[in-house]
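Encoded as structure tokens, the structure appears first; notes follow it.
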Amino acid sequence: MINYILRRLIQAAICLFGISIIVFLLSHLSGDPALLMAPPEAKPEDIQALRVVLGLDKPLYVQFWMFISKAVQGDFGQSIRWGKPCLELWLMRFPNTLLLGGAAMAFTFVVGIPTGILSAVKAGRWFDNFGKAFALAGQSMPVFWVGLMLMLLFAVALGWLPTSGMGTWQHLLMPAFTLGWYFTAAITRMSRSAMLDVLDSEYIKMARIKGLPEYVVILKHGFRNAMIPIVTLAALNIVTLLNGTVITETVFNWPGIGLLIVNSIFARDYPMVQTCVLIASALFIFTNLIVDVLYAYIDPRIKYQ
Amino acid sequence: MLNSLSISETEETGRVSERFRRIRFRDIIRGVPWIPVTILVIFLVCGLFGSFITPHDPLKTDLRAVKKPPFFQQAGDMKYLLGTDAIGRDILSRIITGAGVSLQVGFAVVVFAGALGALVALLSAYLGGWVDTILMRITDMFLSMPYLIILIALAAVLGPSKNNVILIMAVLGWAGYARVLRSEVLRIKNADFIKLAIVARAGKARIMFQHIFPNIINTLVVLATLQLGNVIIMESSLSFLGLGVPPPEPAWGSMVADGRIIMNTAWWVSTWPGIAIMLVVLSSNLLGDWLRLRLDPKFRQL
């Protein structure tokens, strides 16, 4: 077990290192970073001075080392647009994304898992077909379009909910639904197949032979065992929520990390973009790591593959 | 007597072989998802010959027909079936032309990513050893990235253009193929016909590309069909954010974004292109699922 954890830890570190190279090169791919950061009326000698201050006159690998060693200490540089430390801005926005993501997750579990289980129990009947159609259609709609259609229906046509921004709980409903939408479709499919696998097993037949009532068979004997794959797969997919926040927050003008990334991109605020991408990647990789280790703990066969 | 017997025999065998042929043909046809295939054919025709079948010039603005609703609404006009946008461009024509963008990006990405993934899988699984270790670590790295966020950042840095979108998505999208195809190659690698090829002194490159590669094409096609829908959604997401295909050219994602500001007065501008995306993606997912069952029953659980 310890061996496995160590191996995965080293893998994660290598992966993060690779991404940090890409992130570091981001600002260099777009041309001279000093020109980008300097005000338009700056003189050539000012730009040269800025270059020295920022360390841009040093060789690339030295710059990379500086970037990495500062980032590890939590210093991601200053945002060009707001003139504040990037980390501080990130920490300001993060709770909003956490709130949105949490609400989306809650929605997903409350809707997706029961739908999937009921689909499996009623396999082949109309509810199952309806669930399958729902899952397929759900996975085929672009997130931004789902958001806009909801806005059209509930904000423009019916006027029940505010179109965008953040404030009351009504503001949270549409973004959470939009963000959770794709994920709900995925989790419905997962819980259906996990439940089908379990219902096929011998101990379910045994439970039925014993004459237990059907709801006990399904909830106590079936669902409890189906939970393991459902929860781990769900946890694995938490990270896809991270991707979704960029689009959802842009559509609904939700002041979280996703909107911060998009706004910083258009403001050419590269230190801010780098910070967001690097932290998002780190979160992404470490969530994956924790899920993998937990999975190996629950199901020891994983290690030997 | 003898003669008639032989005739009846040939008739018999003739009928048998014909029935055989009919059954095989029906087998191929059976269960083809016709609706998705039809939608994809329409998509293909629009993408390839879009400029010949658009009722209007997709870029021409008609200031007398700004924000015209679709034909079934009261103020609508048969001239503009699906209505016009904020500067009087015909939405139907723009959707037809936009199919070309999605088609080009979708196919180019799927082909490049698939080729790269297959190459990595072949090298990694067949050569093994340190090549395998290094290539698989790189594959793992690409698989554990926050895909869309890196995609957006790279697209922003390299600047919005169709070629950049294709390049970035292909470079970020090959890892899934490599992972799945590698296990395929590992399985085939130990088959008898490969051993025979080695005995016949076929070189490594020859074994990889002529003996193993044809056996992974089925899986490759299934993966590519399933990825196509995903690529179209990602491309439209980039275009929606203004980081994909630059403005004058109509892309479905940017058309949805165009309608966002005038949603209060013109619901149709955002709605139609989104439906187009959904239909094409749904169709390619359904076709991919069907192909998977047809060609590769092993991956039913994938």
Per the charge dipole of the protein assembly as shown (beta-carbon charges, Lys/Arg positive, Asp/Glu negative, Cα centre), the residue among B:Ile233, A:Tyr295, A:Val53 reaching farthest to the positive end is A:Tyr295
Burial-style ranking of A:1-14, B:236-249, average other-beta-carbon count within 10 Å with highest first, yields B:236-249, A:1-14
Site A:Leu98, offset 7 angstrom along Cα→Cβ, radius 19 Å on amide nitrogen, limited to the stretch A:175-212, gives A:176
Partner shielding of B:136-148, taken as the mean number of other chain Cβ atoms within 10 Å, equals 6
Computed, not fitted: 222 nm per-residue ellipticity of the protein assembly as shown from DSSP H runs ≥ 4 (each -39500 (n - 2.57)), nearest 500, equal to -24500 deg cm²/dmol
Surrounding charge for B:Asn163, neighbours by C-beta under 15 angstrom, Lys/Arg +1, Asp/Glu -1, total -1
To the nearest 0.05, the calculated FRET efficiency linking A:Lys122 and B:Arg294 through their beta-carbon distance, R0 being 22 Å, is 0.25
Scoring only Lys, Arg, Asp and Glu (+1, +1, -1, -1) among other residues with Cβ under 11 Å from the Cβ of B:Asp90 yields +1
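Enter the mean number of other protein chain beta carbons within 10 Å of the beta carbon of each residue in B:231-242, as an integer. The partial results should precede the final answer.
Numbers: counts 0, 2, 8, 2, 1, 3, 9, 0, 1, 8, 8, 4.
Per-residue shielding by partner chains comes out at 4.
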Any lysines whose Cα falls less than 28 Å from that of A:Lys132, other than same-chain ones fewer than 8 residues away, would be A:Lys122, A:Lys205, A:Lys220, B:Lys298
For A:His28, placing the label point 7 angstrom along Cα-to-beta-carbon and taking the stretch A:69-103, residues whose amide nitrogen sits under 17 Å are A:69-71
If each part is reduced to its alpha-carbon centroid, the stretch A:90-143 and the stretch B:236-275 end up apart, in Å, by 25
By the Cα gyration tensor axes a ≥ b ≥ c (a/c under 1.5 gives rounded; else a/b larger than b/c gives prolate, otherwise oblate), the shape of the stretch A:112-174 is prolate
In Å, the C-alpha Rg and Dmax of the stretch B:32-301 are 22.0, 77
In nm, the gap between the two label points placed 7 Å beyond Cα toward Cβ at A:Val110 and B:Ala86 is 3.5
Scalar couplings 3J(HN,Hα) for the stretch A:143-157 by Karplus 6.51 cos²θ - 1.76 cosθ + 1.60 (θ = phi - 60°), nearest whole Hz, x for Gly and Pro, are 4, 5, 6, 4, x, 5, 5, 4, 4, 4, 6, 8, 9, 7, 6
Pseudo-spin-label distance B:Ile134 to A:Leu91, built 7 Å along Cα→Cβ, given in nm, is 4.1
Diffing the stretch A:77-88: the Karplus 3J(HN,Hα) column from phi (6.51, -1.76, 1.60, θ = phi - 60°), in whole Hz with x for Gly and Pro, holds x, 9, 6, 6, 6, 9, x, 10, x, 4, 4, 4
By the Cα gyration tensor axes a ≥ b ≥ c (a/c under 1.5 gives rounded; else a/b larger than b/c gives prolate, otherwise oblate), the shape of the protein assembly as shown is rounded
Under the 7 Å Cα-to-Cβ spin-label approximation, A:Leu6 and B:Gln73 lie apart by a distance in nanometres of 6.7
For the stretch A:49-55, Karplus-derived ³J(HN,Hα) couplings (6.51, -1.76, 1.60; θ = phi - 60°; whole Hz; x for glycine and proline) come out as 5, 4, 4, 5, 4, 7, x
Of the residues A:Ser140, B:Val105, B:Leu181, the Cα lying farthest along the dipole of the protein assembly as shown towards its positive end, which is defined by charges on the beta carbon of Lys, Arg, Asp and Glu, belongs to B:Leu181
If the chain between A:Ile21 and A:Ser69 were fully extended at 0.36 nm per residue, the gain over the current Cα-Cα distance would be 16.0 nm
If each K or R counts +1 and each D or E counts -1, the residues other than B:Pro146 whose Cβ falls under 15 Å of its Cβ total -2
The stretch A:17-175: spread of alpha-carbon positions along the three principal axes, whole Å, largest first, is 73, 37, 26
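Values quoted throughout were computed directly from the atomic coordinates according to the rules given, and no laboratory measurement underlies them. Note that this is a predicted model, so its numbers are computed, not measured. Note that we place each Cβ from the backbone using ideal geometry, even for glycine, and neighbour counts take in every protein chain shown.
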